[in-house]
Amino acid sequence: MTTYRRRQPAPVKRLRGAALAALLTFLTVPAFASDRILTETVTLFRIPASWLDAAASTDADRMVVKFDVTRLPVLIVLVLFGSFFLILQMKARSGAHLALRRLPGIDAIEEAIGRATEMGRPVLFIPGLNDIDDIQTLAGVSILSHVAYIAAEYDTPVIVACRRSVVLTMCEETVRQACLAAGRPEVFIPNNMRYLSDDQFAFTAGVNGIMLREKPASCIYQGCFYSESLILAETGFVSGAIQVAGTANISQLPFFVAACDYTLIGEEFFAASAYLSKEPSILASIKASDWLKMVVLPVILIGVLLATLAAFEPPPKDGSPPSQRQRAVQLLKEVL
Amino acid sequence: MRTLVPVLITAFVGVFMILKFFLVHDGVRTVANELEQWGVVTLAFAIILGVLNLARINLKAVLERKRDWGYKLILLVCMFGMMTAGGVKWYRDIDAARAQKALEAAVAANPVAEGAAPPPAVVEARRASEVAEQRAKFTVFTFIFDQVYTPLSATIYALLAFYVASAAFRSFRAKSLHSALLLIAAVIVMIGRVPVGKVIWSKFPVLQDWIMVWPNTAGQRAILMGAAIGMIATGIRVIFGIERPYLKG
């Protein structure tokens with residue numbers, strides 16, 4: 001006789017897995033910690049003297065490869081993320097559906113391009129102020145690829161304003177490729193790919209000029225922005241454009257939230273390209289980061305609990321070692 | 001091959017930089033620093049691409065007398081004018097350095113006894129060095145940078161004050177519960193941060209301090225953690241070639 005086990009719903013399983021991983025993290029970290037808690041290096045391996053020349057083999061520092069224990073939490077996060085990613089990628093390849101919650105800010109991008117098409121005006125895209133060595137710029141360019149594709153389908157020109165010339169080259173190729181992919185290579189206008197200035201406020205003045213003279217119907221800011229964020233967003237508002245912003249710079253988020261119609265906040269901004277591309281492996285990485293958050297969450301809760309308890313303890317006297325609870329709080333502070 | 005080679009290079013360099021982050025070893029650090037230097041130099045050279053793009057787009061617009069071509073002409077004149085002024089300054093800097101070296105050589109070749117007048121060759125070299133230094137100090141480039149560029153830059157930045165006011169005016173309308181909460185928090189923080197707030201109610205500074213230190217910091221850290229995990233995910237996607245924004249061409 002066949003017995004059927006009741007399958008647990010996916011969120012319960014996920015929570016159980018995340019809790020287990022959090023517990024493991026919590027138990028593993030103290031194992032590496034000494035009295036000075038995460039402030040040491042440990043020797044990983046010694047390089048054989050025969051591998052180095054005579055001068056180098058006398059230098060003790062060059063003979064030993066050490067691991068920086070202060071960076072252990074980052075390694076744990078990387079390993080956890082990598083494991084989750086591999087599991088989810090296998091699931092995605094086997095045909096499982098990886099659902100992502102709806103992000104109104106990303107849906108608004110298509111709406112913004114549609115509005116520009118209806119009004120017969122261009123879309124202005126700014127991939128942030130930093131160079132390609134900033135991960136936010138790369139995320140911004142990924143979003144540009146989708147924006148340019150949709151705009152090409154609607155036969156709407158996209159103006160891209162760049163502060164860095166390497167970013168300009170990358171954006172130019174991205175838009176060209178998107179137009180080709182959409183089957184509309186004639187929509188690509190090289191003169192709409194514009195380098196303005198390497199200087200922050202000269203660039204801002206240039207973008208403001210484009211907004212006021214060419215009146216784009218939609219302004220999309222995706223990348224790293226600094227104090228010019230509000231100047232750009234307010235000028236866009238004055239010009240009557242629908243505005244969608246996305247950045248991971250916390251100090252600039254309030255400005256974008258105040259002045260733009262939609263804002264992709266922090267992680268949403270990084271998830272945007274995956275959300276738009278719908279590629280299984282990229283979706284898997286977004287789900288993996290969600291799982292990672294489920295791991296971090298219990299650690300934070302334990303930390304809050306311990307910190308609250310430690311606050312009620314009398315401070316250690318001079319020379320006496322801190323209590324176990326205070327040590328645990330200190331450790332969690334360093335981990336987080 | 002066109003895709004594979006850049007992906008392999010990215011993966012190799014990316015993994016190496018991750019290793020550098022975790023490992024403490026002179027060799028690893030030296031190679032990583034060298035790679036970073038290559039990146040900086042390559043990016044610096046790319047400015048030429050920007051100048052060419054700027055010249056191409058604006059020159060075309062001026063020649064075809066397109067709309068707003070006057071602005072583009074001003075931009076081109078300023079750009080090439082500043083380049084020329086920069087070239088002149090560069091030449092004068094070299095000239096000043098050369099004069100300084102000549103002075104040092106003259107001093108070395110003509111030793112002077114203590115209290116004695118310096119020989120004419122030294123006097124002449126010193127005068128030439130001073131003139132060259134003055135010429136290098138006061139150039140058209142320096143004048144435009146100090147008297148035109150810096151004030152203009154500050155002007156654009158100063159616009160922020162007016163934009164903050166207009167954005168705040170729009171945001172602080174209690175249309176929903178969330179915006180009402182925002183309005184209340186903002187009013188408390190604003191009043192608590194000005195001296196008159198303490199006069200109105202002595203607890204305003206304490207209340208604003210509590211809002212900034214606790215709820216505000218908690219919210220910011222939550223966003224920061226989410227963004228950090230997002231960055232890790234994006235970084236890994238880029239390093240292992242799952243997402244290739246740098247290869248769109």
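I want the local charge near B:ALA227. Using Cβ-Cβ distances under 12 Å, sum +1 for each Lys or Arg and -1 for each Asp or Glu among the other residues.
Details: positive: A:LYS293, B:ARG221; negative: A:GLU267, A:GLU268.
Here the count lands on 0.
Fewest neighbouring Cβ atoms within 10 Å first, the residues B:ARG65, A:ARG327 line up as B:ARG65, A:ARG327. Charge dipole of region A:104-278 (Cα centre as origin; +1 on each Lys and Arg Cβ, -1 on each Asp and Glu Cβ, all else neutral): 320 debye, rounded to the nearest 20.
Hey, could you grab the Kirkwood Rh for region B:68-171? Inverse mean 1/r over distinct alpha carbon pairs, Å, one decimal.
Values: mean 1/r = 0.0562 Å⁻¹.
One over the average 1/r among Cα pairs gives 17.8 Å for region B:68-171.
Using modelled backbone amide H atoms (1.01 Å from N, in-plane), which distant-in-sequence or interchain residues come within less than 5 Å of A:CYS162's amide H? Hits under the 5 Å cutoff: A:ARG194, A:TYR195, A:LEU196.
With viscosity set to 1.567 mPa s at 4 °C, what whole-number translational diffusion coefficient in µm²/s follows for region A:146-288 from Stokes-Einstein and a Kirkwood radius over Cα pairs? Mind showing how you got there, number by number?
Details: Rh = 15.9 Å.
Once the numbers are plugged in, D ends up at 81 µm²/s.
When shorter helices are ignored and each DSSP H run of at least 4 residues is given -39500 (n - 2.57), the per-residue value for chain B at 222 nm works out to -26500 deg cm²/dmol.
With Cα atoms defining each centre, region A:122-164 and region B:119-173 are spaced 33 Å apart in the structure. Share of pairwise Cα-Cα distances greater than 23 Å in chain B is 78 percent (whole percent). Computed from backbone phi with θ = phi - 60° and the Karplus coefficients 6.51, -1.76 and 1.60, the 3J(HN,Hα) list for region B:134-145 is 5, 5, 6, 6, 9, 10, 4, 4, 4, 4, 5, 4 Hz; x is used for glycine and proline. Couplings 3J(HN,Hα) of region B:62-77, computed from phi: 5, 5, 8, 6, 6, 4, 6, 5, x, 4, 5, 5, 4, 4, 5, 4 Hz, in residue order, whole Hz [Karplus 6.51 cos²θ - 1.76 cosθ + 1.60, θ = phi - 60°; x for Gly and Pro]. Quick one: what does P(r) look like for the protein assembly as shown with 10 Å bins over all Cα pairs, in whole %? Percent of pairs per bin, in order: 3, 12, 20, 21, 19, 14, 7, 3, 1, 0, 0, 0.
Going through region B:33-142, which GluC sites (Glu not before Pro) have at most 10 other Cβ atoms within 10 Å and a DSSP loop state?
Working: sites: B:GLU34, B:GLU36, B:GLU64, B:GLU104, B:GLU114, B:GLU124, B:GLU130, B:GLU133; in loops: B:GLU64, B:GLU114.
When the GluC sites (Glu not before Pro) of region B:33-142 are filtered for loop state and at most 10 Cβ neighbours within 10 Å, B:GLU64, B:GLU114 remain.
Where in region A:179-262 are there chymotrypsin sites (Phe, Trp or Tyr not before Pro) that are in a DSSP coil and have at most 14 other Cβ atoms within 10 angstrom of their Cβ?
On the way: sites: A:PHE188, A:TYR195, A:PHE201, A:PHE203, A:TYR221, A:PHE225, A:TYR226, A:PHE237, A:PHE255, A:PHE256, A:TYR262; in loops: A:PHE188, A:PHE225, A:TYR226.
Of the chymotrypsin sites (Phe, Trp or Tyr not before Pro), the ones in loops of region A:179-262 whose Cβ has at most 14 other Cβ atoms within 10 Å are A:TYR226.
Scalar couplings 3J(HN,Hα) for region A:305-312, obtained by applying the Karplus form with A = 6.51, B = -1.76, C = 1.60 to θ = phi - 60°, are 4, 5, 5, 5, 5, 5, 5, 8 Hz; x denotes Gly and Pro.
Counting lysine pairs in chain B that sit 8 or more residues apart in sequence, or on different chains, and whose Cα atoms lie under 20 Å apart gives 4.
Cα centroid distance between region A:235-259 and region A:62-93, in Å? Rounded to whole Å, the Cα centres lie 35 Å apart. Nearest-5 percent of antiparallel DSSP beta bridges in the protein assembly as shown? Of those bridges, close to 25 percent are antiparallel.
Laboratory data are not the source of any read-out in this text; all were calculated from the coordinates shown. Treat the numbers as computed from the prediction; the structure is a model and nothing was measured. All Cβ positions, glycine included, derive from the backbone under ideal geometry; neighbour counts span all protein chains shown.
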